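Working notes for the structure below.
The values are calculated or read from the model by the stated rules, or taken from the named source; none is laboratory data. Only a predicted model underlies this, so the values are computations on that prediction, with no experimental measurement involved. Cβ coordinates were reconstructed from backbone atoms using ideal geometry, including for glycine residues, and neighbour counts include every protein chain displayed.
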Amino acid sequence: MGRWLDTRRVRERGARGAQLDPSRGRDAAWRSVSVVLHSKQGAERAVLIELRAGEALGDHTVKESALLVVLDGTIRVDAGDESFDGEAGALFQFDPDERRSVTSDDGARLLLLLAPWPGAGHYRGDWTMPAEVSAS
């Protein structure tokens, strides 16, 4: 049997995890807050992302298939030549290497599911991820 994530605890805690350090020279578009809720090598990864008002996940791709669920707030997704608006309950699906950006004018909380984790070519070099990580 799989594990269940108590989303009530996630809402209460919020996405208060590791904020990217602006002193490291990251572009402001990547200063969202994210928390890895679950990660199992060779299987899947779940990440809670909080975009504050005006923040974005800039133009990017990942090596995994991705599902993006809007938990709270509203977003705009630009993928290819198309743009889509989403509010709480919206589900977006992306293929590996599909280019997209996500913006939020008023702020949003998102759940990102990636599989298989990590996708082929995700990591460069000899570094390997621990077999399993899970936030409980």
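Quick look at the numbers
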quantity	calculated
Condition met for V77 (modelled with pLDDT under 90 and β-branched (V, I, T))	no
Residue in the stretch 74-83 that is within 14 Å of the chain's Cα centre (by Cα), part of a strand (DSSP E or B) and of a type in the set (S, T, Y) present	no
D59, sole failed condition from (1) more than 12 Å from the chain's Cα centre (by Cα); (2) at pLDDT 95 or above	(2)
Any hit, the stretch 51-61, residues being over 18 Å from V33 (Cα atoms) and in contact (Cβ under 8 Å) with a residue 12 or more places away in the chain	yes
In the stretch 44-71, residue farthest from L110 (Cα to Cα) [restricted to those that are surrounded by 15 or more Cβ atoms within 10 Å (Cβ to Cβ) and charged (D, E, K, R)]	K63
The listed residue being in contact with a strand residue (DSSP E or B) (Cβ under 6 Å, 6 or more places away or on another chain) and modelled with pLDDT under 95, out of Q93, Q41	Q93
Those residues of the stretch 83-116 which are out of contact with any Leu (no Cβ under 7 Å at 6 or more places or on another chain), more than 18 Å from A53 (Cβ to Cβ) and exposed (fewer than 15 other Cβ atoms within 10 Å of the Cβ), in sequence order	S83, F84, G89, D95, D97, E98, R99
Residue list for the stretch 87-96, filter: more than 15 Å from the chain's Cα centre (by Cα) and either acidic (D, E) or assigned to a strand (DSSP E or B) (or both)	E87
